[in-house]
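S.K.: Below you'll find the structure I mean.
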Amino acid sequence: MQTNFSLAQLADPAVAESEKILRKCVHCGFCTATCPTFALLGDELDSPRGRIYLIKDMLENDRPADEKVVKHVDRCLSCLSCMTTCPSGVNYMHLVDHARAHIEKTYKRPLTDRLMRELLAFVLPHPKRFRLALVGAFFARPLSGALKGLGGPLAKLGAMLALAPAQAPTRSTAEGPGVFAPVTAEKKGRVALLSGCAQPVLKPSINEATIRLLTRAGYEIVLPEGEGCCGALVHHMGKEEAALENARRNVDAWTRELEGEGLEAILITASGCGTTIKDYGFMLREDPAYADKAAKVSALAKDITEFLVESTLGEPVVKPDLRVAYHSACSMQHGQKITRQPKDLLKAAGFEVKDVPEGHLCCGSAGTYNILQPEIATRLRDRKVANIEKTQPDLIATGNIGCMTQIGQGTGLPIIHTAELLDWVYGGPLPEGLDDIGLPVSAQ
């Protein structure tokens, strides 16, 4: 794609990076074949190619975002399916991230939108605030259907209430900070585990299972002091400075561990977080105090399945004899290019693993997307659930809390994190949700 940025514009590192990305696009349109919003809406401007044109025009003319640009960029899920399909290597992720930051700086949203976004940014990245907010959501949840029916801004509030669990678990020791010693005679290594923000509030059993699994495999687990939200939630809302603040805090926390007793890896059990942490090196590339440290952190970051597939878990304690539909989160398959490892681990554990039709399409979760774009998110969820149920599974496995929450709203099938299933098979407790499905005798 030909560009016409001035030398003055290219002096801005963000613009210079976007110009390089734009030049790689050859207008081929392969991205339109795999874009969820284009598949649903059929509008060229709701495809990656269409959004690229809009972003190019906005940035090249150095003008504030307008309503048209905001509408179509907001509809982007950042699922990154287009990047998997693109034959030219267009880094759409970095381009749309830049566009969102530009929108946040130059466009004044309607008051109700601003309030909703500020509320989400204030609550979700902070476990204590989120846990407290869920108490209020519990009492307001019966109103969710009526609010969604009213449409407009109230529909977003209704969508948010519908996603709230009936009861949030109490705070877990897996939320950190803390250290967990291996239960084996031989210590194989030391790893950090991201506690996260939303996940330990909604499903602390995920990290609890991961800690049991890793300590049985001989690893010491550290939940570092000072670590918190990865920054993905605010990053995808264009709140660049808040995202970088989160990134710097985590880089500091993990660097202290690296310079202390050392780390073999930084493990993440929410793939949405993993995609962002693996991008810290890019996000902080212009910060002389953090560029090198962030690059080291990104190089050490691994999804839990990446790490486990190279570890020895021992012999299965139970034979599950269950059919599992594996839902590969977009942040897993497109953001991190992890496709084989989770399925290999589940198969080795004794599960019959089924691929989901249209598995490349997003479920509609996408961070806060299912709150900010509830109509499109619901259509994507229903399409995903229908495809999952075609495989006639006993349960669903996935590696991202957002997908678990979203898909769980549309099906009665148990949806369990991959780490919880592996923990159970190799000696841990039965995951919550499986006790009601009538397990085979061999899996009791």
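The values are calculated or read from the model by the stated rules, or taken from the named source; none is laboratory data. These figures come from a predicted structure and were not determined experimentally. Because the Cβ atoms are built from the backbone with ideal geometry, glycine has one as well, and the counts that use them run over all protein chains shown. Accessible surface areas use protein heavy atoms only, side chains included; no ligands, DNA or RNA. Shrake-Rupley method; radii C 1.70, N 1.55, O 1.52, S 1.80 Å.
S.K.: Any residue in segment 209-226 that's part of a helix (DSSP H, G or I): show its pairings with residues that are aliphatic (A, V, I, L, M) and at pLDDT below 95 at Cβ separation under 6 Å, as long as the two are six or more apart or on different chains.
M.R.: As it stands, the answer is ILE211/ALA174; THR215/VAL183; ARG216/VAL183, since those pairs meet every condition given.
S.K.: Can you tell me which residue within segment 415-444, out of those that are touching a strand residue (DSSP E or B) at 6+ places or on another chain (Cβ under 8 Å), modelled with pLDDT under 95 and aliphatic (A, V, I, L, M), is most open to solvent (accessible area, probe 1.4 Å)?
M.R.: Across segment 415-444, the extreme among qualifying residues is ILE437.
S.K.: May I ask you to list the residues in segment 286-312 that are free of Cβ contacts under 8 Å to residues at least 24 places away in the same chain and surrounded by fewer than 18 Cβ atoms within 10 Å (Cβ to Cβ)? Can you show your working first?
M.R.: We begin by selecting, within segment 286-312, every residue free of Cβ contacts under 8 Å to residues at least 24 places away in the same chain; these are 288-289, 291-292, 295, 298-299, 310.
Residues satisfying the conditions are PRO288, ALA289, ALA291, ASP292, ALA295, ALA299, GLU310.
S.K.: Tally up the residues in segment 190-214 that are farther than 28 Å from LEU132 by Cβ and open to solvent by 10 Å² or more (accessible area, probe 1.4 Å), please. I'd like the intermediate steps shown before the answer.
M.R.: Taking segment 190-214 first, the residues farther than 28 Å from LEU132 by Cβ are 190-191, 212-214.
Okay, now just the ones that are also open to solvent by 10 Å² or more (accessible area, probe 1.4 Å), so 190, 212.
Of the residues in that region, 2 qualify.
S.K.: I'm told PRO177 meets every condition in (1) modelled with pLDDT under 80; (2) under 23 Å from the mean Cα position of the chain (by Cα); (3) surrounded by fewer than 17 Cβ atoms within 10 Å (Cβ to Cβ) except one. Can you identify the failing condition by its number?
M.R.: Condition (1) is where PRO177 drops out.
Residues are listed down the side, and each one gets a yes or a no for (1) in contact (Cβ under 8 Å) with a residue 60 or more places away in the chain; (2) in a loop (DSSP other than H, G, I, E, B):
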position: LEU40; (1), (2): yes, no
position: LEU59; (1), (2): no, no
position: LYS68; (1), (2): no, no
position: GLY89; (1), (2): yes, yes
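S.K.: Which residues, taken from segment 57-109, are polar (S, T, N, Q) and more than 19 Å from MET237 (Cβ to Cβ)?
M.R.: Those that are polar (S, T, N, Q) and more than 19 Å from MET237 (Cβ to Cβ): ASN61, SER81, THR84, THR85, SER88, ASN91.
S.K.: Determine whether segment 374-381 contains at least one residue that is in contact with a Gly (Cβ under 8 Å, 6 or more places away or on another chain), at pLDDT below 95, open to solvent by less than 40 Å² (accessible area, probe 1.4 Å) and not aliphatic (A, V, I, L, M).
M.R.: yes
S.K.: Would you pick out the residues in segment 302-323 that are closer than 24 Å to VAL356 by Cβ, of a type in the set (A, V, I, L, M) and assigned to a loop (DSSP other than H, G, I, E, B)?
M.R.: Listed by number, the residues that qualify are VAL309, LEU322.
S.K.: Against the definition (on the phi < 0 side of the Ramachandran plot, without any contact (Cβ under 8 Å) to a residue 40 or more places away in the chain and assigned to a strand (DSSP E or B)), how does ILE396 come out, yes or no?
M.R.: Numbers: on the phi < 0 side of the Ramachandran plot: yes; without any contact (Cβ under 8 Å) to a residue 40 or more places away in the chain: no; assigned to a strand (DSSP E or B): yes.
Considered against the rule, which asks whether it is on the phi < 0 side of the Ramachandran plot, without any contact (Cβ under 8 Å) to a residue 40 or more places away in the chain and assigned to a strand (DSSP E or B), ILE396 comes out as no.
S.K.: Now a separate question. Please state which of the following conditions VAL201 fails to meet, knowing it meets all the rest: (1) closer than 22 Å to ASP279 by Cβ; (2) under 17 Å from the mean Cα position of the chain (by Cα).
M.R.: Only one criterion is unmet by VAL201, namely (1).
S.K.: So how many residues does segment 106-132 have that are in a helix (DSSP H, G or I), open to solvent by 40 Å² or more (accessible area, probe 1.4 Å) and in contact (Cβ under 8 Å) with a residue 24 or more places away in the chain?
M.R.: Residues of segment 106-132 in a helix (DSSP H, G or I): 106, 111-123, 127-132.
Pick out the ones that are also open to solvent by 40 Å² or more (accessible area, probe 1.4 Å) and you get 106, 111-112, 114-115, 118-119, 122, 128-129, 131-132.
When the remaining residues are screened for being in contact (Cβ under 8 Å) with a residue 24 or more places away in the chain, the result is 106, 112, 131.
Number of matching residues: 3.
S.K.: Filter segment 360-371 down to the residues that are open to solvent by less than 20 Å² (accessible area, probe 1.4 Å) and closer than 14 Å to ARG117 by Cα and list them by number. Write out each step before concluding.
M.R.: Going residue by residue through segment 360-371, those that are open to solvent by less than 20 Å² (accessible area, probe 1.4 Å) are 361-365, 368-371.
Result: THR368, TYR369, ASN370, ILE371.
S.K.: Kindly indicate whether LEU147 is hydrophobic (A, V, I, L, M, F, W, C), buried (at least 18 other Cβ atoms within 10 Å of the Cβ) and modelled with pLDDT under 85.
M.R.: Numbers: hydrophobic (A, V, I, L, M, F, W, C): yes; buried (at least 18 other Cβ atoms within 10 Å of the Cβ): yes; modelled with pLDDT under 85: yes.
In short, yes.
S.K.: For segment 331-349, what are the residues that are open to solvent by 40 Å² or more (accessible area, probe 1.4 Å), under 21 Å from GLU315 (Cα atoms) and assigned to a loop (DSSP other than H, G, I, E, B)?
M.R.: First, pick out the residues of segment 331-349 that are open to solvent by 40 Å² or more (accessible area, probe 1.4 Å): 337, 339-340, 343-344, 347-348.
Applying the additional criterion that residues be under 21 Å from GLU315 (Cα atoms) yields 340, 343-344, 347-348.
ARG340, the sole residue that qualifies.
S.K.: Residues that are of a type in the set (Gly, Ala, Ser), surrounded by fewer than 23 Cβ atoms within 10 Å (Cβ to Cβ) and either in a loop (DSSP other than H, G, I, E, B) or modelled with pLDDT of 95 or more (or both): does segment 230-240 have at least one? Spell out the reasoning first.
M.R.: Going through segment 230-240, the residues of a type in the set (Gly, Ala, Ser) turn out to be 231-232, 238.
Next, only the ones that are surrounded by fewer than 23 Cβ atoms within 10 Å (Cβ to Cβ) stay: none.
No - not one qualifying residue is present in segment 230-240.
S.K.: Failed condition for GLY412, given (1) over 28 Å from THR112 (Cα atoms); (2) modelled with pLDDT of 95 or more, with all others met?
M.R.: (2)
S.K.: Restricting attention to segment 276-285, and to residues there that are open to solvent by less than 30 Å² (accessible area, probe 1.4 Å) and touching a helix residue (DSSP H, G or I) at 6+ places or on another chain (Cβ under 6 Å), which single residue is nearest to CYS197 (Cα to Cα)?
M.R.: THR276
S.K.: Would you please list the contacts, defined by Cβ atoms under 6 Å and residues six or more apart or on different chains, that run from a residue in segment 257-274 that is outside any helix (DSSP H, G or I) to a residue that is crowded, with 24+ Cβ neighbours inside 10 Å and among the hydroxyl-bearing types (Ser, Thr, Tyr)?
M.R.: Taking only residues 6 or more apart or on different chains, the pairs are THR269/THR210.
S.K.: Now, a different point. Working only within segment 246-275, note down all residues that are open to solvent by 10 Å² or more (accessible area, probe 1.4 Å) and either under 24 Å from VAL73 (Cα atoms) or in contact with a strand residue (DSSP E or B) (Cβ under 8 Å, 6 or more places away or on another chain) (or both).
M.R.: Within segment 246-275, ASN246, GLU257, GLU261, GLY262, LEU263, GLU264, GLY272, CYS273, THR275 meet the criteria.
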